[in-house]
Each structure stands twice: as C-alpha cells, then as structure tokens.
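Asker: My structure is below; once you've seen it, I'll send some questions.
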Amino acid sequence: MRAVNSPNTPPVSSLANPIAELQKQVSASRLNLFHQCRLKFMFRYVLRLEKPPTPALHVGKTVHAVLQAWNLKRWRKQPFDNERLKELFNDHWLALQEGHDIDWEGVENLEKDKAWKLLEIYWLETPIKANEMPEAVEVLVEAEIRGQPKLVGILDLVRSGGRIVDFKTCAQTPNPETAAYQHELQLTCYALLYRHATGHQESGLEIHHLVKLKAPKVIITTLPPITEAQVSRLKKAIDSYVQGLDKLDFVPSTGLHCSYCEFFNECRNWH
Ligand code: SF4
C-alpha cells in the first residue's frame, strides 16, 4: 500500500508518468469512474491508494468468479453439477480474501449463505440453458480507435449469435430503463470491442442483475445493438477524459455515491 500523508493533488511532476499511462489506454471502469467523480479516480488510479474490499465487493467478485467458471465449463463442454459448483464457490470465497482484511462485522457466514443462494436462484432463472455453447467467455479485447487512447475491456460472456452479456450483483431491484442508461458507457465500450474483434455487429446486449434481497432474484435487461449516437457519446466521453487528465482536473463530484466511497476520509481532507 502506498502511504500518502496529504491527499491534496500532488505536483504535476509526480503525476506525469501515471497520467501518461492513463492516457494511452482506457477501459469502461476507468471512464465510468472518471465521469462519476474525478477525485475518486485520482485516489484510485493516479495515487493508487489501496483499500480492503467491502463485503459487498467480495460477494460480487466471488459470484462473478463462479459464473465465469460455469461459463467456461459450458464452453469447454466439461461436466458440472451443483456439488462441484459449490466447491468452486467455497474455494473462491477463501482465495479472494487472501491478503485482505475484510470488515465482516460478524456476519461473514450469513453473507456467504446469501451469496450462494443468489447463484442458485440465478441458475434456476437464467435464460441460458445448461447446454448452450457460448461464443466467448471472459475474453480480453483491445480496439485501436483513431485519435483516441486504446480501448480495452473484458467481455464476461458472449452468447451464441453475438449477444453480449454483463453480470452484475446489486442490493436493490434495478429499473430496466435506468439500468440501461446507467451502464450505457460500459455497454457501448463492450459493443465497440466486440465489433473490432469480430468485424460484426453484436445482435444485442443483456444485463443479468443478481439482486441480493432477502428473497434473491434475477432481473434480465435485454437491449438492442448500440446505436451510432451512443458510439458518438462514448467517443466524446473519452475525449473529455483525455482533456481532463491533461489539465489534472480532479475536482470532487459529491452525490449519493459518496455514501459508499472508500475514499470518504481522504476526500474530506482534500482542498
Ligand atoms: S466522497 Fe464523494 S466526492 Fe469524495 S471522492 Fe468519494 S465519490 Fe468523490
């Protein structure tokens, strides 16, 4: 962990290298965070302050890892059953905690049971059949876009026929319309990456939300292919990202998202 005594913006010289690196390559998560709150972006990607994962983040990572294994097994035509998936889940639950001190507040087992139940409900309700062959699983894709940083990303799953799927865990039932809007930048990145990698337009996009309620549920949002207008908005968002980094523009954007920001204390001391 890199120790930082003062969370104020450091001198330009000390930021030169990280900034240059960040301008060479951009991903959906960097772009989203930059446009959500530039100060949080600076803490995470420029100063690289490390924080222990929150319980919610750990649950999301474990669920994601097990879904990845499930997709890979279908892709490789390997057998899997509930017992094997449960073993994988237990292994990931432990492995992803190694080296981290997660503050469970005494409810780790409860959270673990809820996370497994969430996966069981997903496999009951998913539109993906056990014998459906994926087109791609967790594939790293890069796209060179003229005049812009290299775009990189990992596609969780591409279903047969070119349907891009993104898995998300959340604590509240999402509204399909606002969910599509909230994740537009990310989905547009994925669609562009898919087009560059295959030379084809995606047939559609799906967000699979696994909702961590007392009675967990699954919400599938299906979307048509990305439009030219959405591609144009993405490119403008990337231009704004590059220009903001040029100017070291790291002003905070306060809002509801501050309630779960891991850099809340650093932010309070920033001026
Ligand atoms: S607390 Fe809010 S304003 Fe401050 S860095 Fe975090 S998200 Fe940004």
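The values are calculated or read from the model by the stated rules, or taken from the named source; none is laboratory data. Owing to the predicted nature of the structure, the values given are computational and were not obtained by experimental measurement. Backbone-built Cβ (ideal geometry, glycine too); neighbour counts: all protein chains shown.
Asker: So, restricting to helices (runs of 4 or more DSSP H) that lie completely within region 11-102, which ones have at least 1 residues that are free of Cβ contacts under 8 Å to residues at least 40 places away in the same chain?
Answerer: So the answer is 12-24, 28-36, 55-75, 82-95.
Asker: So A197 ticks every box in (1) away from the ligand (no atom under 16 Å from the Cβ); (2) in contact with a Gly (Cβ under 9 Å, 6 or more places away or on another chain) but one. Which box is left unticked?
Answerer: (2) is the only condition that A197 fails.
Asker: For E206, state whether it is over 25 Å from N17 (Cβ atoms) and in a strand (DSSP E or B).
Answerer: So E206 fits the description; yes.
Asker: Moving to a separate point now. Go through (1) surrounded by 16 or more Cβ atoms within 10 Å (Cβ to Cβ); (2) outside any loop (DSSP other than H, G, I, E, B) for P134 and report which single condition fails.
Answerer: Single failed check for P134: (2).
Asker: Okay, moving on. Within region 243-253, does at least one residue satisfy the condition of being aromatic (F, W, Y), within 16 Å of the ligand (Cβ to nearest atom) and in a helix (DSSP H, G or I)?
Answerer: Checked region 243-253: no residue is aromatic (F, W, Y), within 16 Å of the ligand (Cβ to nearest atom) and in a helix (DSSP H, G or I).
Asker: Quick one: how many residues across region 42-56 are modelled with pLDDT of 95 or more and among the basic types (K, R)?
Answerer: Of the residues in region 42-56, 1 are modelled with pLDDT of 95 or more and among the basic types (K, R).
Asker: Answer with yes or no whether A191 is within 22 Å of the chain's Cα centre (by Cα) and away from the ligand (no atom under 16 Å from the Cβ).
Answerer: Yes.
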